[in-house]
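What follows is calculated from the coordinates using simple rules that are stated; it is not laboratory data. Just so you know, these numbers come straight off a predicted model, no measurement behind them. Because the Cβ atoms are built from the backbone with ideal geometry, glycine has one as well, and the counts that use them run over all protein chains shown.
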Amino acid sequence: MAPQSTSRSGGKKGGKASDAADGVKSIQSRSQKAGLQFPVGRIHRFLKQRTSHNMRIGAKAAVYTSAILEYLTAEVLELAGNASKDLRVKRITPRHLQLAIRGDEELDTLVRATIAGGGVLPFIHKSLTGAVKQGKKKEGETPA
């Protein structure tokens with residue numbers, strides 16, 4: 001006589017007992033599991049397509065790359081939002097992105113690209129600002 005299964009899920013082997021009993025399975029994406037907004041599956045596919053020699057890409061590499069991209073995007077958008085708020089407008093333009101990226105030292109070194117429509121940073125050399133230095137005038141001297 002074969003031994004019978006005495007599991008709690010009504011004789012079914014494997015799986016979680018609560019899922020098998022309810023019959024309802026909640027599908028959760030890899031982005032949801034990692035708590036990210038960026039698509040982990042799509043980034044994993046891009047990583048596999050862009051590598052040469054058919055290298056294997058681990059699942060954690062895609063999650064880590066997604067987290068990095070999401071963090072950098074949030075950082076740039078926060079700084080650009082502050083720049084647009086300072087100028088009292090509600091829409092972020094390429095000009096605001098340029099001011100945000102070039103205003104932050106670390107992002108400036110990271111992003112070495114030209115932003116289309118970003119313009120240039122406002123900069124006036126110190127020698128061009130202000131009036132010419134004037135020494136103290138002695139009493140009785142007339143200006144030439």
- Message: If I take the Cα coordinates of the range 29-119 and project them onto the principal axes, what are the three extents in Å, biggest first?
- Response: 47, 29, 20
- Message: Per residue of the range 118-124, what does 6.51 cos²θ - 1.76 cosθ + 1.60 with θ = phi - 60° give for ³J(HN,Hα)? Whole Hz please, x for Gly and Pro, Karplus curve as stated.
- Response: x, x, 10, 6, x, 8, 10
- Task: Place the peptides 56-63, 37-44, 93-100 in order of packing, highest mean first, counting for every residue the other Cβ atoms within 10 Å and averaging per peptide.
- Result: 93-100, 37-44, 56-63
